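What follows is a set of notes on a single structure, which appears directly below.
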Amino acid sequence: MSPTDPVVTDPRFLERLSESLAVLADPETLRVLGAIAARRSGAPPSPIPPEDRRRVDALVEAGFLTLEGYVVAERMFNLQEMLWRVVSPEPAVDPLVGRTALLPKPPTDVAPVGVSPRLIVVHGPHIGQEARLENQERVRIGRDRACDLSLEFDTYTSGEHAEVTRVRGEIGVVDLFSRNGTYVNWRRLPPGGFRALLPGDVVGVGRNLLVFQSVIPPPSG
């Protein structure tokens with residue numbers, strides 16, 4: 001438990017966390033949740049066997065499932081963050097939404113040879129997703145499914161939130177007048193502002209943190 005994070009000593013926080021974990025403590029409930037989560041994206045909900053109805057109702061009541069039978073990705077992410085707050089020895093203050101979060105260290109800030117510059121989500125509901133520039137001039141990031149990097153489960157992200165683009169030979173990020181702002185290395189861009197990116201820079205979009213990777217050319221001579 002981190003001594004620098006007063007939230008984890010708040011009885012109300014601990015009670016909410018305990019209640020959430022109690023719902024998931026039953027192996028059969030976890031089995032049901034896993035089976036629902038494994039369903040192919042966009043597939044209609046399957047009929048619920050009578051023996052699983054009680055467990056499904058408990059998951060719905062706890063906010064892990066919708067009434068229609070879909071997993072609530074944000075609720076699962078929030079539980080993950082609550083656990084991080086308890087066990088993280090070195091929390092990093094994340095000003096994006098005024099909370100504490102552990103920023104996992106990316107494997108490298110240099111993209112593999114032959115791979116185009118890219119942004120990789122290293123923290124948030126969409127961890128693991130990436131946006132590559134390839135031969136494109138710009139990559140749009142937002143909650144809309146039409147975006148090149150869609151963060152549709154993050155309610156803190158605007159429909160069209162930010163854009164990675166090339167400006168006068170530099171790759172950078174532009175805020176698209178988003179509601180909650182776009183951050184580079186924990187500094188907020190002005191609305192509509194542009195910031196050139198260097199390998200290893202951290203971009204904040206909603207509740208997601210993205211690391212910029214780029215191939216570094218070998219030294220001349």
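Candidates are the residues of the stretch 144-155 that are assigned to a loop (DSSP other than H, G, I, E, B) and farther than 20 Å from PHE194 by Cα; the one that is most open to solvent (accessible area, probe 1.4 Å) is ARG145. Among the residues making up the stretch 129-143, those that are open to solvent by less than 70 Å² (accessible area, probe 1.4 Å) and within 15 Å of the chain's Cα centre (by Cα) are GLN129, GLU130, ALA131, ILE141, GLY142.
Conditions (1) in contact with a Ser or Thr (Cβ under 6 Å, 6 or more places away or on another chain); (2) modelled with pLDDT of 80 or more; (3) surrounded by 12 or more Cβ atoms within 10 Å (Cβ to Cβ), marked per residue:
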position: ALA43; (1), (2), (3): no, no, no
position: ILE48; (1), (2), (3): no, yes, yes
position: LEU59; (1), (2), (3): no, yes, yes
position: THR66; (1), (2), (3): no, yes, yes
position: TYR70; (1), (2), (3): no, yes, yes
position: ALA73; (1), (2), (3): no, no, yes
position: MET76; (1), (2), (3): no, no, yes
position: VAL86; (1), (2), (3): no, no, yes
position: GLU90; (1), (2), (3): no, no, no
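Scanning the stretch 179-207 for residues that are modelled with pLDDT of 90 or more, open to solvent by 10 Å² or more (accessible area, probe 1.4 Å) and under 17 Å from the mean Cα position of the chain (by Cα) yields one hit, TYR183.
The values are calculated or read from the model by the stated rules, or taken from the named source; none is laboratory data. Computed from a prediction, not measured in an experiment: that's the story for all the values here. Glycine gets a Cβ as well: all are built from the backbone with ideal geometry, and neighbour counts include every protein chain shown. SASA here: full protein model, heavy atoms, side chains in, ligands and nucleic acids out. Shrake-Rupley method; radii C 1.70, N 1.55, O 1.52, S 1.80 Å.
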